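**Student:** Structure in C-alpha cells, see below.
No value in this document is a laboratory result; all are computed from the given coordinates. Predicted, not measured: the structure shown is a model, and the values here were computed from it. No Cβ is skipped: glycine too gets one built from the backbone with ideal geometry, and neighbour counts run over all protein chains shown.
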Amino acid sequence: MIIRKIFVLLATILLSTYTYGAEVKSEKKPIVSDFDIKLGAFLGFESGGSNQSNRKGKENNISTNRSDFAFYNDVALYALISKELDEVEYGGKVILVPTAKQKVLPSYNGSHIFIKSDFGKVELGSPIPVAANMMISSGSIPSKYINLKTAYMKQGKESAPSFLTSNECFLGDSITASTDKAPYSNEPPRTINYYTPKWFITEETQVYFGISYTPDTANTGADAISSKSDGIVKKTIGENGAHKFELDNSIKDAFSAGISLENKLSEENSIKVAVTGEYGKAVGYAKKYANKEDKDAISKHKLSNLRSYNIGGEVKLGNIKYSGCYGSHGNSLTSSELHRSGRNTHYYSFGLSHDYNKLTTDVVYFASEKFKNKIDSIQLKGTYAMAQGLKPYASITHFIAKGKPEYYGDLKARKTKGLIFVIGTKITL
C-alpha cells in the first residue's frame, strides 16, 4: 500500500509538471470538471495619515500632492482546484490580483501546484517560502503612511537612514513592507516547499516541519528566466552625489525552514512556538561609482551571505492571546565598505489580543535596530465583525525613530517621532 501511494505521488508530480508547461489551446466549450473548485476573494479599503515631527518638503508627502492623508486598497481573487485519488490530494491555487498590489498573506498570494498525502504537502512554484508562512510575529508599522527619509534625518546629505518597520523574510514578499523595499521591489522568487504532516508527540502536543528551496532569487514569476534580479538597489552617497553605490541583493541556493510545536491545554487554552530561518549565498556586489553619472565602477565589494532567524510564540487563554517574537538578520547582504555605522539588524515585538463578542482589540509593541538605526512603536487596533465577511477596523500607532545614514559613521544620530491614524474596511468572500 505504501509503495502504491509513493507511485501515485510521483506520477502526479510528473503529470502536474507536464501540464504546467504544456501549451493550452482554447475552444468555445463549457467547462466540465470533476475537480473540487472553491472560489474566494479579498477586498480592502483604508484611509490613513500621520503627524510626524521634522517633516518638511513635498518629497515627504504621503501621496504625491498631500502631506496629511491618503487612500490605499487591496484586492485579490483566488480559485482552489483539487481532486483526491487513492488518498492523495492534488491540484492548484490560482491567484488573480486586479488593480491593486498583491497581498503578502499566503491565502491571497501565489499561484502554484500542490500535492497532499499522508507524507505531507508539496508546493511547486509558490512565492511564499516556509519561513514566511510559519513565522509567528505581531509587530509592524503602517509605513505606507510615513516617510522616515525626512530632510531632517538626511542631515544635509543626499542619502537617508535605513529603518526596519516590520518583521520580514528576505525570501518572501513581506520584505516589500520595508521602507527600503529590498531585496525585492516587485515580485518574490519561485520556490519548492515541503511541509510534513502534523505529528502527535502526545494527545495534546503536535509538531510539524517545513523546508523551502529557491535556486535563484532573480527567477521570479513575472520575469523571464534569464532576466536580471529586481533586487538592485541604488544609493547615492555624499554631498551633491559625490559617490554612488549599486547593490545587487541576488541570492542563489537559498533555503528556508521552520519547525512548529503546538500544545492544546484545553478547549480554549493553547500554546504555540515556532522557529524559522533562512540561508542563502549572496552572488551580488556593492559597486562603487565616482559619481551618479558614471557607468563604470571604480571598485566592487562582496556582500555577506543571507543568514536570518525568527523565534516566536503564542499563548491563548480563553479570549485573550499573548504573542511575541525575536528575529535577527545578522550581517545579511551587507558590506563593511558601505555600511560603516554598523551591519547588524534585529527586531522584537510583543502583542496582546482580546476578543469580546464581535470586537477584537490588539495592543502591539514593536522595536527594531537596523545598522544602529532604531525604531520603537506601540499600536492600538480594533476590529469589529459587523456581518459575515465584513470587518471595519481602526488603529493608532505612535513611533519614535532615531538614526543616521549608515554610510557616515562620524555623524550624530537625529530623531523623529509621530502618530499614524488608519481606518478601513475588509470584505472576505
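**Student:** If each residue of separation counts as 0.36 nm, what is the full-extension length gain between Lys302 and Leu261 once their alpha-carbon separation is subtracted? Could you put the intermediate results ahead of the total?
**Tutor:** Details: separation 41, 0.36 × 41 = 14.76 nm, distance 3.77 nm.
Gain on extension, Lys302 to Leu261, equals 11.0 nm.
**Student:** Taking θ as phi - 60°, what are the ³J(HN,Hα) couplings along the range 65-72 by the Karplus curve (6.51, -1.76, 1.60), each to the nearest whole Hz, with x for Gly and Pro?
**Tutor:** Here the 3J(HN,Hα) series is 10, 10, 9, 9, 7, 8, 9, 8 Hz.
**Student:** Hey, which of these cross-link pairs are over 22 Å Cα-Cα: Lys372/Lys415; Lys316/Lys358; Lys154/Lys417; Lys149/Lys374; Lys38/Lys321?
**Tutor:** Check vs 22 Å cut-off fails for Lys38/Lys321.
**Student:** Here's a follow-up. Over all directions, the average projected area of the alpha-carbon convex hull for the range 35-428 comes to how many nm²?
**Tutor:** With every direction weighted equally, the projected area is 20.3 nm².
**Student:** I need the Debye-formula profile for the range 36-88: one equal scatterer per C-alpha, no solvent, reported as log10 I(q)/I(0) at q = 0.23, 0.24 1/Å, two decimals.
**Tutor:** Normalising to I(0) and taking log10 leaves -0.89, -0.92.
**Student:** Moving on to the next point. From zero outward in steps of 5 Å, how is the percent of C-alpha pairs of the range 238-296 spread across the bins?
**Tutor:** Taking every Cα pair in the range 238-296, the percentages come to 4, 13, 13, 10, 9, 9, 9, 8, 7, 6, 5, 4, 3, 0.
**Student:** Separation of the range 130-163 and the range 310-358 by C-alpha centroid, Å?
**Tutor:** 14
**Student:** For the range 283-323, list log₁₀ I(q)/I(0) at each q in 0.17, 0.23, 0.27 Å⁻¹, using the Debye formula over Cα point scatterers of equal strength and ignoring solvent, two decimals each.
**Tutor:** After summing over all Cα pairs, the log10 values are -0.64, -0.83, -0.92.
**Student:** Gain in length, Glu268 to Thr64, computed as 0.36 nm per residue apart minus the alpha-carbon separation, to one decimal in nm? Kindly include the intermediate steps, with their values, before the conclusion.
**Tutor:** Details: separation 204, 0.36 × 204 = 73.44 nm, distance 4.78 nm.
Full-extension gain reported as 68.7 nm.
**Student:** Enumerate the whole-percent occupancy of each 5 Å bin, from 0 to the last occupied one, for all C-alpha pair distances of the range 308-429.
**Tutor:** 2, 10, 15, 15, 16, 14, 11, 8, 5, 3, 1, 0
**Student:** Oh, and also: Ranked by Cβ crowding within 10 angstrom, fewest neighbours first, how are Val275, Val122, Val363 ordered?
**Tutor:** Going from sparsest to densest Cβ surroundings: Val363, Val275, Val122.
**Student:** Tell me which of Ser111, Ala132, Leu380 sits at the most positive position along the dipole axis of the range 35-428, charges placed on C-beta atoms (Lys, Arg +1; Asp, Glu -1).
**Tutor:** Value: Leu380.
**Student:** Under the 0.36 nm per residue contour assumption, what length would be gained going from the current alpha-carbon distance of Leu419 and Gln155 to full extension?
**Tutor:** Working: separation 264, 0.36 × 264 = 95.04 nm, distance 2.23 nm.
Full extension from Leu419 to Gln155 adds 92.8 nm.
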